[in-house]
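Colleague: Sharing a structure below in structure tokens format, with a few things to ask.
The values are calculated or read from the model by the stated rules, or taken from the named source; none is laboratory data. Just so it is clear, the model here is predicted, and its values are computed rather than measured. Here Cβ is always computed from backbone atoms with ideal geometry, including for glycine, and neighbour counts include all displayed protein chains.
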Amino acid sequence: MTNGPSNLGGGIQSAEGDEDPSVSLFREYLRLRTVHPEPDYDAALKFLDRMASELGLPVVKVEVCPGRVVAIMTWMGTNPGLKSILLNSHTDVVPVYKEHWKYDPFAAFKDADGNIYARGTQDMKCVTIQYIEAIRRLKAKGQTFARTTHLMFVPDEEVGGHKGMEMFINHPEFKNLNVGFALDEGLANPGEAFTVFYGERNPWWLTVRCPGSPGHGSRFVENTAAEKLRSVINSFLDFREKEKHRLNTSECFTLGDVTTVNMTMLNGGVAYNVIPAEMDVSFDMRIPPAVNLQEFEEQIKRWCREAGEDVTYEFAQKHMNQTVTSTDESDPWWHAFSCTCKSLNMTLKKEIFPAATDSRFIRAVGLPAIGFSPMNHTPILLHDHNEYLNEQVFLRGIQVYEKLVPALASIPPQPGEE
Ligand SMILES: [Zn+2]
């Protein structure tokens, strides 16, 4: 059967004939243009309202700042005093370069192999629908669990989460959710294993200012900005090489385990024949939780001192939260998570997330959060052209949550609860 654009009608009763209704729903959701810079939030909220009513769940919407609404569906547990499970996902997606796509990135085209192409197939509309479909199936079987499960939908993860999760996490409505453990997005894994993330690197964005003696471009002026700049750049980029080497020579390291350094901006100079009074260089650094941040900053100070007098630095962004979520088998949340995966014959690969997600805000308030998008045998294509997910991988993910939610929501009361 071919899926031409003529039958991209949407809805569960799509023209795809014998297509699984969960796949049809996924494709319908993918067609909503929740894409930056002007995401269609109304479409997303309308869709979520419909989902809530289909699932028979109450939905609460909180406008955390103008135009930014967080929606929460709640499936009450039989013992609502216990800490709850939070299933978090973001509704927004990153922009596309349409000319680089094989298919319209908002048509959710499915090829003969069952690969569904659309922005958000991996990041992270798949997970949203998997949560919803898992809950739908559990409810249809009449199941109930002790702990409450919240499905939370945030609007702006892709632009930093500052007007979504970061604000909401300190909102009274969030505290009322009484969250004990959160699941949030992860990354695909091209192999058989599933990757799970228990921490993130801290982004440090800094600019180093190198002042120097100005003068005429025809002379050998001492103490120039450019000489200092060269020293600074060498120090940062030598370190970059060492970290790259460490990553490439160790079997057990992933990107999340090393510090990345990239020189991203360079400023200075006014004319060919004028030696400038200042030159600046900016770096994007991502530092794993295991690194001692104080010592790391001492090293930056040393590099600046070595470059010459008056070389200073300033941060545009300096994250200091090194909280990681326990992946010790003695931890009840992790134990329930990992045992369930084991029972499904899934191999887990524990990693530090190389970039940033909304999980960092959850961990920063002391709550455990695992980044997990159940996609194996899938190339990592988030934010990339031709982002796709195979329908079989997608459907398997629903089954995974069908087991994970009961396991997590049935964890017996822990010390301090009730
Ligand atoms: Zn994402």
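Colleague: Select, from Thr378, Thr325, Thr312, the only residue that is under 27 Å from Leu86 (Cβ atoms) and either in contact with a strand residue (DSSP E or B) (Cβ under 6 Å, 6 or more places away or on another chain) or not assigned by TED's automatic domain parsing to the domain that holds Gly114 (or both).
Modeller: Thr325
Colleague: A further question follows. Mind counting the residues in segment 104-157 that are in contact with a Pro (Cβ under 9 Å, 6 or more places away or on another chain) and aromatic (Phe, Trp, Tyr)?
Modeller: 3
Colleague: If I filter segment 85-103 down to residues being farther than 15 Å from Pro37 by Cβ and among the hydrophobic types (A, V, I, L, M, F, W, C), which single residue comes out as surrounded by the fewest Cβ atoms within 10 Å (Cβ to Cβ)?
Modeller: Trp101
Colleague: Can you find a residue in segment 383-390 that is closer than 26 Å to Arg240 by Cβ, touching a helix residue (DSSP H, G or I) at 6+ places or on another chain (Cβ under 6 Å), at pLDDT below 95 and not aromatic (Phe, Trp, Tyr)?
Modeller: First, the residues of segment 383-390 that are closer than 26 Å to Arg240 by Cβ: 383-384.
In the following step, the residues that additionally are touching a helix residue (DSSP H, G or I) at 6+ places or on another chain (Cβ under 6 Å) were identified as none.
No, that holds for no residue.
Colleague: In this structure, is Cys304 under 30 Å from Pro374 (Cβ atoms) and not assigned by TED's automatic domain parsing to the domain that holds Ala182?
Modeller: Working: under 30 Å from Pro374 (Cβ atoms): no; not assigned by TED's automatic domain parsing to the domain that holds Ala182: yes.
Taking the combined requirement at face value, the residue does not satisfy it.
Colleague: Mind listing just one residue for me: the one in segment 49-71 that is more than 22 Å from Arg147 (Cβ to Cβ) and not in a strand (DSSP E or B) and, of those, nearest to the chain's Cα centre (by Cα)?
Modeller: Per the stated criteria, the residue is Gly67.
Colleague: Output the number of the condition that Glu402 fails; it satisfies all remaining conditions of (1) at pLDDT below 95; (2) assigned by TED's automatic domain parsing to the domain that holds Asp92; (3) more than 16 Å from the ligand (Cβ to nearest atom).
Modeller: That leaves (1) as the condition not met.
Colleague: Still on this structure: Would you check if Lys350 is at pLDDT 95 or above, outside the structural domain of Leu247 (by TED's automatic domain parsing) and within 18 Å of the chain's Cα centre (by Cα)?
Modeller: yes
Colleague: Pick from Gly161, Gly199, Gly212: which is crowded, with 18+ Cβ neighbours inside 10 Å and at pLDDT below 95?
Modeller: Gly161
Colleague: Also, I was wondering about something else. Looking only at segment 72-88, which residues are within 22 Å of the chain's Cα centre (by Cα) and under 13 Å from Phe174 (Cβ atoms)?
Modeller: Of the residues in segment 72-88, the ones within 22 Å of the chain's Cα centre (by Cα) are 72-73, 84-88.
Those that are within 22 Å of the chain's Cα centre (by Cα) and under 13 Å from Phe174 (Cβ atoms): Ile72, Ser84, Leu86, Asn88.
Colleague: Here's a follow-up. Residue check, Asn234 against (1) farther than 26 Å from Phe353 by Cβ; (2) touching a Leu at 6+ places or on another chain (Cβ under 9 Å), all met but one. Which one?
Modeller: (2)
Colleague: Tell me which residues, restricted to segment 90-105, are in contact with a strand residue (DSSP E or B) (Cβ under 6 Å, 6 or more places away or on another chain) and either closer than 20 Å to Ala336 by Cβ or away from the ligand (no atom under 16 Å from the Cβ) (or both).
Modeller: Once the filter is applied, which keeps residues that are in contact with a strand residue (DSSP E or B) (Cβ under 6 Å, 6 or more places away or on another chain) and either closer than 20 Å to Ala336 by Cβ or away from the ligand (no atom under 16 Å from the Cβ) (or both), segment 90-105 yields only Tyr103.
Colleague: Identify the single condition in (1) under 13 Å from the mean Cα position of the chain (by Cα); (2) assigned to a loop (DSSP other than H, G, I, E, B); (3) away from the ligand (no atom under 16 Å from the Cβ) that Gly199 does not satisfy, given that it satisfies every other one.
Modeller: Condition not satisfied by Gly199: (2).
Colleague: Could you say whether any residue in segment 35-48 is in a loop (DSSP other than H, G, I, E, B), more than 24 Å from Ser373 (Cα to Cα) and away from the ligand (no atom under 16 Å from the Cβ)?
Modeller: Within segment 35-48, one or more residues are in a loop (DSSP other than H, G, I, E, B), more than 24 Å from Ser373 (Cα to Cα) and away from the ligand (no atom under 16 Å from the Cβ).
Colleague: Among the listed residues Lys125, Lys141, Lys163, identify the single one that is more than 23 Å from Phe394 (Cβ to Cβ) and among the basic types (Lys, Arg). Step through it out loud before you land on a result.
Modeller: On the way: Lys125 fails: more than 23 Å from Phe394 (Cβ to Cβ); Lys141 fails: more than 23 Å from Phe394 (Cβ to Cβ).
Exactly one of Lys125, Lys141, Lys163 is more than 23 Å from Phe394 (Cβ to Cβ) and among the basic types (Lys, Arg), namely Lys163.
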